[in-house]
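What follows is a set of notes on a single structure, which appears directly below.
The values are calculated or read from the model by the stated rules, or taken from the named source; none is laboratory data. Fair warning: this is a prediction, and the values are worked out from it, not measured in the lab. Methodologically, a virtual Cβ is constructed for each residue, glycine included, from the backbone with ideal geometry; neighbour enumeration extends over all protein chains shown. Ligands, DNA and RNA are excluded from the accessible area calculation, which covers all protein heavy atoms including side chains. Shrake-Rupley method; radii C 1.70, N 1.55, O 1.52, S 1.80 Å.
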Amino acid sequence: MELFQGSQYGQIDALAQQLRSERTRFRGGAWQINVLYEAINSPGSMTASDADWQALITKLQGWVAANQQSPTPRIAMAQAYLTFAWKARGNGLAKTVTQQGWALFNERVQSARITLEEGRSISVDCPEWYRAMQTVALAQGWPRKQVDDLAQAAMIHNPEYYYFALAEANYLLPKWYGRPGDSQAYASRMADAVGGREGDALYFLVAAHLNCCKRIQAPGMDEARLQRGFAAIDQLYGSTTRQRNEAAFLALRAADTTAAQTLFARIGNDWSAAVWGSKARFDASRTGQPLGGVFPVGPAAANDDQSDGASGGR
């Protein structure tokens, strides 16, 4: 971020190319190239002013002009357009979006698509190009076959870049363009296709993405494979605090109290606010007893796959 603010584009390009080539990952399995883009594709917050967003895009356009052969600024600019689009739309259900919100959303998503398509020949070696295009596909409601073909091409490019699977599994939720069970079946197929510990890790990451930590969007995922996937992440990369808490949360949702208590013993007091929301809910869930009117996490309800509009909704 400091390099970007200082317009040190050559250094960012070199770092991005190194991360793409070496496929480096953080603890927990997060890819460093993904995090690099997160540092430069936003003015810092969804609540930033439109002027701040426009200034960011103008800066990225300057970088594109300065280095026509670099995929990094083009992809970052497309990602900025996409997040800027969702800022205009908001996260409510489709019926809550204003006419102006829809117009800005569609205009900015199309700008992202044009940016990606114009830079396709120099960008397809970067996994984030595919990931950004998957967001375009969701936003524009591409037909299922076109979306599946894009996801397949992405997975061929790098089957271990699990963000591709997260995007496709999200597209397949009933609140978007799939049917009940589609996301779960896809997660199983992709985990099998990747195979081994990486496949199991992918299964956990998809389950955590869809089902942690509010409403369960994809019920009935294989709890044994989910916990096996968490163990695989532990073995491959070392788990993060959040992942340990996610695994405990999902175990409780699946009524797997044995796995949950094993995880709670490991977690100790290292709880995650992103998972539990509050210390009271963490403590209630750990003990299985209500605490100050806060109830523990329990098995998912049968209707937990229905959208509450938290992520947007069609």
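Results, tabulated for the structure shown:
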{"read-out": "Degrees between helix 9-22 axis and first principal axis of the chain (Cα, 0 to 90, nearest 10)", "value": "50 degrees"}
{"read-out": "Cα centroid separation, region 158-213 to region 85-121 (Å)", "value": "25 Å"}
{"read-out": "Peptides 158-168, 138-148 ordered by average Cβ neighbours within 10 Å, highest first", "value": "158-168, 138-148"}
{"read-out": "Accessible carbon and sulfur surface of region 132-272 relative to its total accessible area, %, 1.4 Å", "value": "51 percent"}
{"read-out": "Helix axis angle, 257-267 relative to the chain longest principal axis, alpha carbon, degrees", "value": "60 degrees"}
{"read-out": "Within straight-line cross-link reach of LYS175, lysines at Cα separation under 21 Å, skipping those fewer than 8 residues along the same chain", "value": "LYS87, LYS95, LYS145, LYS214"}
{"read-out": "Within-12-Å neighbourhood charge of GLY229 [Cβ basis; K, R +1; D, E -1]", "value": "-3"}
{"read-out": "³J(HN,Hα), Karplus 6.51/-1.76/1.60, whole Hz, each residue of region 97-113, x for Gly, Pro", "value": "7, 6, 4, 5, x, 5, 4, 5, 4, 5, 5, 6, 5, 5, 4, 5, 5"}
{"read-out": "Per residue accessible area in Å² of region 121-278, where ligands, DNA and RNA are left out and the probe is 1.4 Å", "value": "39 Å²"}
{"read-out": "Charge sum, other residues only, whose C-beta stays under 12 Å from TYR162's C-beta, Lys/Arg counted +1 and Asp/Glu -1", "value": "-2"}
{"read-out": "Cβ-isolated cysteines (cut-off 4.7 Å), the chain", "value": "CYS126"}
{"read-out": "Sum of -39500 (n - 2.57) over DSSP H runs of 4+, divided by residues of the chain (222 nm, nearest 500)", "value": "-20000 deg cm²/dmol"}
{"read-out": "Protection-proxy order for peptides 77-83, 250-256, 24-30, each taking the mean of Cβ atoms within 10 Å per residue, highest first", "value": "77-83, 250-256, 24-30"}
{"read-out": "Proximal aspartates and glutamates relative to LYS279, as straight alpha-carbon distance under 17 Å, when same-chain residues fewer than 8 apart are discounted", "value": "GLU246, ASP270"}
{"read-out": "Degrees, to the nearest 10: 127-140 long Cα axis against longest axis of the chain", "value": "80 degrees"}
{"read-out": "Burial ranking of peptide ranges 195-206, 232-243 (average Cβ count within 10 Å, highest at the top)", "value": "195-206, 232-243"}
